[in-house]
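The values are calculated or read from the model by the stated rules, or taken from the named source; none is laboratory data. Keep in mind that what you see is a predicted model, and the values were worked out from it rather than measured. Cβ: placed from backbone, ideal geometry, glycine included. Neighbour counts: every protein chain shown.
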Amino acid sequence: MKKDQKHTEKTPFKGDSDYFKQLEESILSKVERGATHLSLDVDHPFKADSKYFAQFEKRILDKTERSVFHLPLGIEHPFQAPEGYFQQLENSVLGQTLQNKPSQSVFTKIWRNSTTYVRAAAVVLAIGAAGYFFLNSNNTATNSEIAFADFETETLVSYLENQELDMVDFASIVDDSFEANGLNIDPLDEISEDELLQLIDLQYANDI
Amino acid sequence: MAEEKDIIQLLEDEEKHPEAFRLILSTYKERLYFLIRKIVIDHDDTDDVLQEAFVKIWKNLDKFRGDSNLYTWLYRIATNEALTFLRRRKSQNNISMDENPELLRMLDSGGGKAQHISGDDIAIALQKAVLQLPEKQRLVFNLKYFEHLTYEEIAEITDTSIGGLKANYHAAKKKIEEIIELD
């Protein structure tokens, strides 16, 4: 308050005491005179045919029903199998599996029941017999005989530990190698690690 | 028809694998036939792929782990065999993996190479529309619409996330509706 009083006291201007009241009345009177009030009942000028909306609704419904296809559930496939096919299939599959091959190959038995070192030894035997699988899989080999002589069991172990071999295909190739080179092993026989090592010695002796 | 749990029990003992395989063959041969048939269309091709699939199942019985359903494991092998067959043939003929002109011709020819097809028009129209889908959408649509598998089961078979499968199925369904609508 003291500050305001001080300020008032310092202002040198003075006005008529009714001036501000008259100013307010004058402004309001000018605004009211110039204002246009929008009437609430003014209509738009657009017109539509009286039947238009009834037809429009029908047209839209017709269009949506006609053009959008909804895939119903339960449509069956049209395929049929020839008569007697499934019996024939069973016979054919059993002929290729249970009635044809041993349930487990020699190599698979060795692979499953041995340490990585013995697995490597089995591969050495297979390579000695067939001489291509491992070398073809290894990019560093250029000549099978030279490269084979250079491989040590450690290398093979490392190779085997770092490869994800498809056992079925691999065993099949190796078993074929055994057979192709006259290593007739009865698939039903169990092979011990010692016997396997003897086979390797025999293979080397033959090669040399 | 054997129960899946009975077969799984036999699979736990390696000595009983032959018996388990016989039961798998007799129980699932028809389901796997029609699963493959919807992918390769032709009966003779289906027969080749199905026999290969069963041989592979036999050779890999010891790899089945009881942590997944047996039938999803079987479906996975059969599906992979069928897709590999198609990819190999398309690759030989320089055809994009997402196009199936030869399979469409088989369906069109009716009495031609793709024999043993019923005369149901809507069923054939649907198969022709499915053949126009990209490979992944086609596979997911077949497994969901015709085999009635859940997204969880399809995820096990196709190694795809459930979100991805839903997107594939809805895109496939929409595209099929558009194709049939245009025809």
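Here are some notes:
- Hey, residue B:119 over 15 Å from the mean Cα position of the chain (by Cα) and part of a helix (DSSP H, G or I) or not: no
- Every residue from segment B:157-182 that is away from chain A (no Cβ under 14 Å) and either closer than 26 Å to residue A:69 by Cβ or touching a strand residue (DSSP E or B) at 6+ places or on another chain (Cβ under 7 Å) (or both): B:164, B:165, B:166, B:167, B:168
- Set B:139, B:133: member being within 17 Å of residue B:36 (Cβ to Cβ) and either in the same structural domain as residue B:161 (by TED's automatic domain parsing) or more than 19 Å from the chain's Cα centre (by Cα) (or both): B:139
- Some residue of segment B:92-100 being among the acidic types (Asp, Glu), in a helix (DSSP H, G or I) and more than 9 Å from every other protein chain (Cβ to nearest Cβ): no
For (1) under 21 Å from residue B:142 (Cα atoms); (2) of a type in the set (Phe, Trp, Tyr); (3) in contact with a Cys (Cβ under 6 Å, 6 or more places away or on another chain), each residue gets a yes or a no:
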{"residue": "B:10", "(1), (2), (3)": "no, no, no"}
{"residue": "B:34", "(1), (2), (3)": "yes, yes, no"}
{"residue": "B:57", "(1), (2), (3)": "no, no, no"}
{"residue": "B:74", "(1), (2), (3)": "yes, no, no"}
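- Among the residues here, residue B:154 does not qualify as surrounded by fewer than 20 Cβ atoms within 10 Å (Cβ to Cβ), more than 14 Å from chain A (Cβ to nearest Cβ) and either modelled with pLDDT of 95 or more or outside any helix (DSSP H, G or I) (or both).
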